[in-house]
Amino acid sequence: LGGILAFLGLEKPKEDPLIHTIKLGILSWQRKEYNKAESILHVALKMAQEQMNEKGVTYIYDILANVAFDKGDHSKAEKLFVEVMQRAISAGMGQDDNAVVEMSLKLAQLYSLRNDTSKAEEGFQFCIDTQKKKMSAIDMADASALSDYEQDTLLLWAMSMDAYGKHHMRHDRLKEARICFEEALTVCEQVNGKLHDQTLVLLNDVATVCSHLGDFSSAHKFITEAIQRGKDSDSPDLPVFYCNLGAVLLREGQDLETAGKVCQEALKLAKKMKHAKALEDAQGCLDELK
């Protein structure tokens, strides 16, 4: 979003009613109040249209597309992302711009979720190849010296690899998924650091695919690392990592007593941190052990 906002030049005084309304919509979106966000953003959209502010209209469509994506309204999200891309490119944005690639990645993920495999793989490959070309000009020797644009470029490639890895997982291409996750992890760790939430999520993803491949030694190594770093950083995903360790132990079938203790810890953390998905998974793990 930051990239397209900068491109569109939506820098107006804070008191501007349109900007204020957009910010309220974004706030509701961040709070996962998706219906409220859409209602507010449609008010903002009407304001922008009445002002004939085409850049503002494009930006609001972009936010609405992301809200629909997060809400799970994939049909609406697809139409909106296509609309935003067409408007942005017509306004002069390059097809290899990070903002366009990010929208292309969302579309590829949508196609993957609805099993439109050909479109999904074409989309993932476009994102990965486009970012790889730009990465060749980036010196990664000193991550602290990277510009914001370079960081965005690298992380968007990592996001694309991660998403492609998940696509491979859906089609049981486990070896390919592992390669994607491990390469994404390497770049994410270099740019974001070892304790960043996304780095830890990727450690968890690698552990999951290793477990499915039967490489339990590597699975243990990666998920244990995720848990240790998660403790150090107070990660909100810590109960998820404990759930995954429990799942690895269950799948391995060697130490069910430890699996039970791990799932119990996951349950305790999930309740404490009010993590609904982890709570469900931890309870499922314990039920399986009965």
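The values are calculated or read from the model by the stated rules, or taken from the named source; none is laboratory data. Since this is a predicted model, take the numbers as computed values, not measurements. Every residue, glycine among them, receives a Cβ derived from its backbone with ideal geometry; neighbour counts consider all protein chains shown.
Does SER217 qualify as being surrounded by 15 or more Cβ atoms within 10 Å (Cβ to Cβ) and either assigned by the TED database to the domain that holds MET273 or touching a Pro at 6+ places or on another chain (Cβ under 8 Å) (or both)? Criteria not met by SER217.
Kindly indicate which of PHE241, PHE222 is free of Cβ contacts under 8 Å to residues at least 24 places away in the same chain and not small (Gly, Ala, Ser).
Values: PHE241 fails: free of Cβ contacts under 8 Å to residues at least 24 places away in the same chain.
Step by step, each of PHE241, PHE222 is checked, and only PHE222 is free of Cβ contacts under 8 Å to residues at least 24 places away in the same chain and not small (Gly, Ala, Ser).
The single condition from (1) in the same structural domain as ALA158 (by the TED database); (2) over 29 Å from LEU146 (Cβ atoms) that ALA177 fails is (2). Residues in segment 179-194 include at least one that is surrounded by fewer than 17 Cβ atoms within 10 Å (Cβ to Cβ) and not in a helix (DSSP H, G or I).
In the set (1) under 29 Å from GLU150 (Cβ atoms); (2) at pLDDT 95 or above, the condition left unmet by VAL43 is number (1). Evaluate segment 139-158: report whether one residue or more is touching a residue at least 40 places away in the same chain (Cβ under 8 Å), over 17 Å from THR186 (Cβ atoms) and out of contact with any Cys (no Cβ under 8 Å at 6 or more places or on another chain). Yes, segment 139-158 has at least one match. Could you look through segment 220-273, keep only residues that are acidic (Asp, Glu) and in a helix (DSSP H, G or I), and pick out the one that is surrounded by the fewest Cβ atoms within 10 Å (Cβ to Cβ)? Out of the qualifying residues, it is GLU257.
Report the residue count in segment 17-38 for those that are surrounded by fewer than 13 Cβ atoms within 10 Å (Cβ to Cβ) and either closer than 17 Å to LYS71 by Cα or at pLDDT below 90 (or both). Counting residues in segment 17-38 that are surrounded by fewer than 13 Cβ atoms within 10 Å (Cβ to Cβ) and either closer than 17 Å to LYS71 by Cα or at pLDDT below 90 (or both) gives 4. The helices (runs of 4 or more DSSP H) found entirely in segment 51-167 that carry 3 or more residues being within 27 Å of HIS212 (Cα to Cα) and at pLDDT 95 or above are 98-113, 117-135. If you check LEU107 against the conditions, is it surrounded by 19 or more Cβ atoms within 10 Å (Cβ to Cβ) and either of a type in the set (Lys, Arg) or out of contact with any Pro (no Cβ under 8 Å at 6 or more places or on another chain) (or both)? So LEU107 fits the description; yes. One residue stands out among those in segment 273-287 that are touching a helix residue (DSSP H, G or I) at 6+ places or on another chain (Cβ under 6 Å) and within 16 Å of ARG251 (Cβ to Cβ): the one that is modelled with the lowest pLDDT, which is CYS285.
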